[in-house]
Amino acid sequence: MRNTSVKYSGCSSAAREGSTVAAASDSDEILIYPNPTKDQIHIILLSTSTQTANITLLDLNGKSTVIQQQLLQAGKQTLSIPVKHLNTGMYIL
């Protein structure tokens, strides 16, 4: 059985001035589930405006293993990132 764990390390945005990505809940963190996973991860976040999010998943050596751009609309978002192709291990989002 293969499991992949994902650790959230924060997010940054190069979107236009005044737009931000905020927490999806009261906990000041973006919700990522399931963790660990086998097929895909889901990310729930809140965007204050329409913007492009750059999502990068790094292995523990700092190598980018998944790079994905998503257009976010204002409001709560659920993004799905396929990880079935990744080797068993830990990754940083």
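Within region 45-70, can you find the residues that are among the hydrophobic types (A, V, I, L, M, F, W, C) and over 21 Å from Pro82 (Cβ atoms)? If you could, list the steps in order and put the result at the bottom.
Here is the first cut: in region 45-70, the ones among the hydrophobic types (A, V, I, L, M, F, W, C) are 45-46, 53, 55, 57-58, 60, 66-67.
Listed by number, the list holds a single entry, Leu46.
Per-residue answers, yes or no, for (1) in a strand (DSSP E or B); (2) modelled with pLDDT of 90 or more; (3) open to solvent by less than 80 Å² (accessible area, probe 1.4 Å):
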{"position": "Ser49", "(1), (2), (3)": "no, no, yes"}
{"position": "Asn54", "(1), (2), (3)": "yes, no, no"}
{"position": "Gln69", "(1), (2), (3)": "yes, yes, no"}
{"position": "Lys84", "(1), (2), (3)": "no, yes, no"}
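Report, by residue number, each residue of region 56-67 that is open to solvent by 60 Å² or more (accessible area, probe 1.4 Å) and free of Cβ contacts under 8 Å to residues at least 24 places away in the same chain. Spell out the reasoning first.
Narrowing region 56-67 to residues open to solvent by 60 Å² or more (accessible area, probe 1.4 Å): 60-61, 63, 67.
Once the filter is applied, which keeps residues that are open to solvent by 60 Å² or more (accessible area, probe 1.4 Å) and free of Cβ contacts under 8 Å to residues at least 24 places away in the same chain, region 56-67 yields Asn61, Lys63, Ile67.
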Unmet criterion (only one of (1) open to solvent by less than 70 Å² (accessible area, probe 1.4 Å); (2) at pLDDT 90 or above) for Thr78:
(1)
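The values are calculated or read from the model by the stated rules, or taken from the named source; none is laboratory data. If you're wondering where the values come from, they're calculated on a predicted model, not measured in any experiment. Counting neighbours? That spans all protein chains shown, and the Cβs are built from the backbone with ideal geometry, glycine included. Each accessible area value is taken on the protein alone, full model and side chains, heavy atoms only, with ligands, DNA and RNA left out. Shrake-Rupley method; radii C 1.70, N 1.55, O 1.52, S 1.80 Å.
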